[in-house]
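Only one structure is covered here, and it is reproduced in the block below.
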Amino acid sequence: MDLLPYFQWCYDSTLGETIRESTWLFPVIEAFHLLGLGLTMGAILLVDLRLLGVGLSKQPVAQLSAGAEPWLLGSLALMFASGIPLFMSEAIKCYYSFPFWVKMTSLLLALVFTFTFRRYATRSGLAADRPRLGRAIAVVSLCLWFGVAWGGRWIGFS
Amino acid sequence: MSPLSFFEWMGDLQWSVDLHESQYAYSIIESVHVWTMALFFGLVAMFDLRLLGLTMRQVPVSEVIRRLQPWTVAGFVVMVMSGSLLFFAIPVRSYQSIFFRTKMLLLLLAALNIWIFHSRVFPKVAGFDVDAIPPRAARIAGALSLSIWIAVIFSGRMIAYNWFDCDRQPQPGLINFLTSCDPNLAEQ
């Protein structure tokens with residue numbers, strides 16, 4: 001399946017073109033994207049550090065996970081709301097960018113892992129009952145999100 | 001020696017030039033700077049949100065700060081080190097960047113806010129440690145911290161853009177004043 005026509009459509013869209021032609025729009029949206037990155041990392045780390053037995057290690061995993069989730073969802077919404085316009089303005093560059101595909105693959109895996117297995121294991125008490133499993137979940141989660149952050153930063157260098 | 005000639009001297013040092021012209025080193029240092037920002041700001045934001053009563057309401061304020069502080073401090077140290085290297089690679093342009101100057105000013109404000117929080121608000125933490133919503137002074141410290149760090153991220157991101165650079169004349173007189181730029185000396 002060739003995705004290039006869809007990328008071309010994004011690139012040619014009014015939104016993509018408006019951002020490309022503006023001096024300020026791309027940098028400002030990018031700054032919001034960075035802000036979202038920080039908030040997402042905070043909400044993820046709070047729970048992953050706990051699973052690793054550090055950070056807020058006196059708190060129950062399920063409670064921390066439930067408390068962090070609204071902020072995780074909110075910051076991810078900010079990431080998508082800023083990331084999609086950035087993508088549309090340079091969709092063709094992204095199509096040919098290796099870091100972009102690393103980022104999208106990691107993002108898909110990270111989202112699925114976070115909202116299925118990690119969510120279930122932290123909420124059900126499974127991760128709390130089996131600390132080694134909890135640590136493994138934290139390591140996988142951090143690696144996947146780091147893949148997203150790596151790809152994201154390196155799209156800009158390519 | 002004027003600051004400008006000092007930074008010109010710095011920029012002419014061999015390893016400043018090497019870093020600036022390196023194929024990977026500069027990009028890697030910049031990546032580390034961004035990633036540690038996410039670690040630092042993310043955890044600081046969670047603490048600020050706790051001060052605002054917007055998350056982890058059942059966790060004592062003192063526990064949140066004591067448990068997260070080693071991580072934010074470590075993140076901050078790496079950020080200062082990587083940030084210094086980034087400055088070292090491009091000293092003159094950074095020194096004259098209006099966004100860099102804004103960022104340094106905001107960092108001073110952030111430090112002031114932290115100092116006020118730790119000298120005035122935190123010593124009284126026993127009185128509100130388990131409150132779901134901490135008192136006004138603590139909420140103000142949290143809101144200020146969040147706002148200042150967000151402004152730091154924004155100004156930091158904008159350093160990359162050259163709209164107000166000294167070598168892009170003509171600029172409004174106010175810009176040249178704020179960036180200590182002498183347009184007659186600026187290399188075109």
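Annotation note: trypsin sites (Lys or Arg not before Pro) in segment A:1-90 located in DSSP loop regions with a Cβ neighbour count of at most 16 within 10 Å are A:K58. With the Cα gyration tensor of chain B giving a ≥ b ≥ c as the square roots of its eigenvalues, does the rule (a/c under 1.5 for rounded; else a/b larger than b/c for prolate; else oblate) give rounded, prolate or oblate? Note, shape of chain B comes out prolate. Under the criterion of Cα pairs below 8 Å and six or more residues apart, the relative contact order for segment B:3-178 equals 31 percent. Derived scalar couplings between HN and Hα for segment B:111-124 equal 5, 4, 4, 5, 4, 5, 4, 6, 8, 10, 9, 5, x, 9 Hz in order, rounded to whole Hz, by the Karplus curve 6.51 cos²θ - 1.76 cosθ + 1.60 (θ = phi - 60°), x for Gly and Pro.
The charge dipole of the protein assembly as shown, taken about its Cα centre with unit charges on the Cβ atoms of Lys, Arg (+1), Asp and Glu (-1) only, comes to about 1720 debye.
Taking 0.36 nm per intervening residue step and subtracting the Cα-Cα distance, what contour gain separates B:W115 from B:V130 on full extension?
3.1 nm
Extending 7 Å from Cα along the Cβ direction at A:V112 and again at B:Q69 yields two label points whose distance is 4.3 nm. With coordinates expressed along the principal axes, the C-alpha atoms belonging to segment B:38-149 extend over 49, 22, 22 Å, beginning with the largest. The mean number of Cβ atoms from other chains found within 10 Å of a Cβ in peptide A:126-132 is 0, as a whole number.
Contour minus end-to-end for A:L73 and A:D12, with contour as 0.36 nm per residue of separation and end-to-end as the Cα-Cα distance? Don't jump to the answer; show the numbers that get you there.
Details: separation 61, 0.36 × 61 = 21.96 nm, distance 2.97 nm.
Between A:L73 and A:D12, full extension yields 19.0 nm more.
The value obtained for segment A:1-137, namely the Cα convex hull volume divided by the number of residues, is 117 Å³ per residue. The fewest-to-most ranking of A:I44, B:I114 by surrounding Cβ atoms within 10 Å reads B:I114, A:I44.
Between the alpha-carbon centres of segment A:1-42 and segment A:82-101 there is a gap of 7 Å. Semi-axis lengths, largest first, of the ellipsoid equivalent to the protein assembly as shown are 36, 28, 18 Å, with √(5λ) applied to each eigenvalue of the Cα gyration tensor. Take every Cα-Cα pair in segment B:83-188 and report what % of them are more than 23 Å apart. The proportion of pairs with Cα distances above 23 Å equals 45 percent. Summarising the label geometry, the points placed 7 Å from Cα in the beta-carbon direction at B:L178 and A:T23 lie 1.4 nm from one another.
Considering segment B:11-83, its Cα convex hull presents a mean projected area of 5.7 nm².
A short reminder: the numbers here are calculations on the coordinates, not readings from a lab. Since the structure is predicted, the reported quantities are computational estimates derived from the model, not experimental observations. No Cβ is skipped: glycine too gets one built from the backbone with ideal geometry, and neighbour counts run over all protein chains shown.
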